[in-house]
Amino acid sequence: MNIFRLVGDMSHLLAIIILLMKMWKSRSVAGISGKSQILFAIVFTTRYLDLFTSFVSIYNTSMKVFFIGTSYVTVYFIYQHFKPTYDSNHDTFRVEFLIVPVGGLAFLVNHEFSLLEILWTFSIYLESVAILPQLFMVSKTGEAESITSHYLFALGSYRALYLLNWIYRYYFEGFFDLIAVVAGCVQTILYCDFFYLYITKVLKGKKISLPA
């Protein structure tokens, strides 16, 4: 554990809390991509299957349970509890174009050819592109509410901080995971445009608009 990983984890927690509070307080899931949330649920489920095989620490286990549980709560809110407010007309990204290639890549490029390792690798690759349906939805609707923008910024910050965590671990621990680093770079790059718009617009009280 180092400061970059800890702050990254807190940013990730904040993103999820912001999203859930937005849904619960507004009684609406308008502007939220259900497809992105399904992808995140798949990410956490396939990544944390080691809950049943190994124990690292109470902190580690608690975070894993939290991420899995809240991902399914979010999906439930979108497709059941607040379903009338879900904008399916704009949430039209073809997720199979992400899942199929990512699955093939995980099968071919991994650290070890075992079921748990392939699923872990699949989760890393999938997380790097899981936000695309949400960004695509924002581009189709033309803008994002400030609360949705805060969620996306916190989520992007989590991954950017994890890049710093990997740099720290490489220099001070000699640890380097090429798969995680490359996927993390891809994910951070996807947020770059959004980061710029967030700083120049949302922090000045304006809504974010992404080009269609």
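The values are calculated or read from the model by the stated rules, or taken from the named source; none is laboratory data. Since the model is a prediction, treat every value here as computed from it, not as a measurement. FYI the Cβ positions are ideal-geometry reconstructions off the backbone, even for glycines, and counts take in every protein chain you see. The area values use the complete protein model at the heavy-atom level, side chains included, leaving out ligands, DNA and RNA. Shrake-Rupley method; radii C 1.70, N 1.55, O 1.52, S 1.80 Å.
Odds and ends about this structure:
- Rounded to the nearest 0.05, the FRET efficiency derived from the C-beta distance between E117 and L20 at R0 = 22 Å is 0.10.
- Prolate/oblate/rounded label for the range 1-152 (Cα gyration tensor, a/c 1.5): oblate
- Taking E96, E127, E145 in turn, the Gaussian network model of the chain (Cα-Cα springs below 10 Å) assigns the largest fluctuation to E96.
- Reachable aspartates and glutamates from K83, criterion Cα separation under 18 angstrom, eight or more residues apart if same chain: D91
- For the range 97-192, the square roots a ≥ b ≥ c of the C-alpha gyration tensor eigenvalues yield an a/c of 1.5 or more together with a/b not exceeding b/c, which makes the shape oblate.
- With K and R counted +1 and D and E -1, the other residues having a Cβ less than 14 Å from that of H81 yield a net charge of +4.
- FRET efficiency, L49 to H81 (Cβ-Cβ, R0 45 Å, nearest 0.05): 0.95
- Among the helices of the chain, those built from whole DSSP H runs whose Cα atoms reach 30 Å or more along their own axis and whose mean Kyte-Doolittle hydropathy is at least -0.5 are 3-26, 146-173, 178-200.
- Segment Y171-L13, length gained on full extension (0.36 nm per residue, minus Cα span): 54.2 nm
- Shape class for the range 51-115, computed from the alpha carbon gyration tensor (a ≥ b ≥ c): oblate, with a/c not under 1.5 and a/b at or below b/c.
- Only aspartates and glutamates eight or more places from K22 in sequence, or on another chain, were considered; those with a Cα closer than 13 Å are E145.
- Just the protein heavy atoms count here, and of the accessible area of the chain at 1.4 Å, carbon and sulfur take up 70 percent.
- Sites excluded, chymotrypsin sites (Phe, Trp or Tyr not before Pro) in DSSP loops with at most 16 other C-beta within 10 Å, longest stretch of the chain: 114-174
- Selected from L20, L108, L164 as most flexible by GNM, with the chain as the system and alpha-carbon contacts under 10 Å: L108
- Rounded FRET efficiency, nearest 0.05, which uses the C-beta distance separating V73 from M1 and R0 of 30 Å: 0.65
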